[in-house]
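This report concerns only the one structure given below.
The numbers here are math on the coordinates, done by the rules we state, and not lab data. Being a predicted model, the structure only gives us computed values, none of them experimental. Note that we place each Cβ from the backbone using ideal geometry, even for glycine, and neighbour counts take in every protein chain shown.
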Amino acid sequence: MSSLEALEIAKQKGLDLVEISPTAKPPVLKIMDFGKFQYQKSRELRQNKAKQKKFDIKGIRIGMRTDDHDLNFKKDQAEKFLKKGNKVKIEIILRGREKAHQDLGRKNLEDFLKSIEASNKIEQELKRFPGGFNVIIAPN
């Protein structure tokens, strides 16, 4: 039917004539309540947004001379974060002359990663930054 006829029918019913596919030959039009259509679209978008899983990145910092008890506490914290579904960024901070022993800092961070018992995967590989090294792990 022609768009003029459809427009008249829409006016008689108190509805709107909405162009669904303007590029099609002939263009596809639909008689509907446009306000209700917009509301349903926005509601659908909100529901999809609510269903998305959001990740927080929790941070844990260790040093070269961090004691065993403190490392165990931080390991427990990392496991707790992973069990809650958060990603964990683990940093080892090198200060002063510690920067001359980067191999020891890297080894300490790798040992700390091995000590974490919660199932995880490395999301961002061990990476150097000006103050030391960092790595991001995520739960499996």
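Numbers for the structure displayed
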read-out: Pair Lys83, Met1: separation of 7 Å Cα→Cβ label points (nm); value: 6.4
read-out: Whether region 3-51 is rounded, prolate or oblate, judged on the alpha carbon gyration tensor where a/c under 1.5 counts as rounded; value: oblate
read-out: 5 Å-binned pair-distance histogram of region 21-83 (Cα, whole percent); value: 3, 12, 11, 10, 9, 8, 6, 6, 6, 6, 7, 6, 5, 4, 1, 0
read-out: Shape of the chain, Cα gyration tensor, a/c cut at 1.5; value: prolate
read-out: Antiparallel %, DSSP beta bridges [both residues in the chain], to 5; value: 70
read-out: Tensor-based shape of region 57-139 (alpha-carbon gyration tensor, a/c under 1.5 rounded, otherwise prolate or oblate); value: prolate
read-out: Ranked packing of 3-12, 35-44, most packed first, by mean Cβ within 10 Å; value: 3-12, 35-44
read-out: Theoretical ellipticity at 222 nm over the chain - DSSP helices of four or more residues, -39500 (n - 2.57) apiece, nearest 500; value: -13500 deg cm²/dmol
